[in-house]
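S.K.: Below is one structure. I have some questions about it.
Please treat every number below as a calculation from the coordinates, not as lab data. What you see is a predicted model, and the numbers here were worked out from it, not measured in a lab.
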Amino acid sequence: MSDWLDKVEASRKELQSLLGKLNFVASCVRPGRIFISRLLIETLRSLNDTGVTLLSSSFKKDLLWWHKFLPT
């Protein structure tokens, strides 16, 4: 997870993989669903024709929530 916090851009496949894993965890952690839906809506919709997108500050803030929450 920490390597995602340093990323500047990501491909569609990378995003789908990450979101699939987080979605699995969110099936048990209900508050996580809010963060996943925002990640999906903002980031996957902003993909350009090459399938690569820049990761926004809100994306990184949501990932930071997961990064802090998962160890607990």
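S.K.: Report the semi-axes of the equivalent ellipsoid for the chain in whole Å, largest first, where each axis is √(5λ) for an eigenvalue λ of the Cα gyration tensor.
M.R.: Sorted largest first and rounded, they come to 20, 13, 10 Å.
S.K.: Find the relative contact order for the stretch 13-72 and round it to a whole percent, using C-alpha pairs within less than 8 Å whose residues are 6+ positions apart.
M.R.: Values: 20 pairs, mean separation 15.6, N = 60.
Taking the mean separation of contacting Cα pairs over the length of the stretch 13-72, I get 26 percent.
S.K.: Taking amide H atoms as placed 1.01 Å from N in the peptide plane, list the residues 5 or more away in sequence, or in a different chain, whose amide H sits under 5 Å from that of Leu55.
M.R.: Glu9, Ala10
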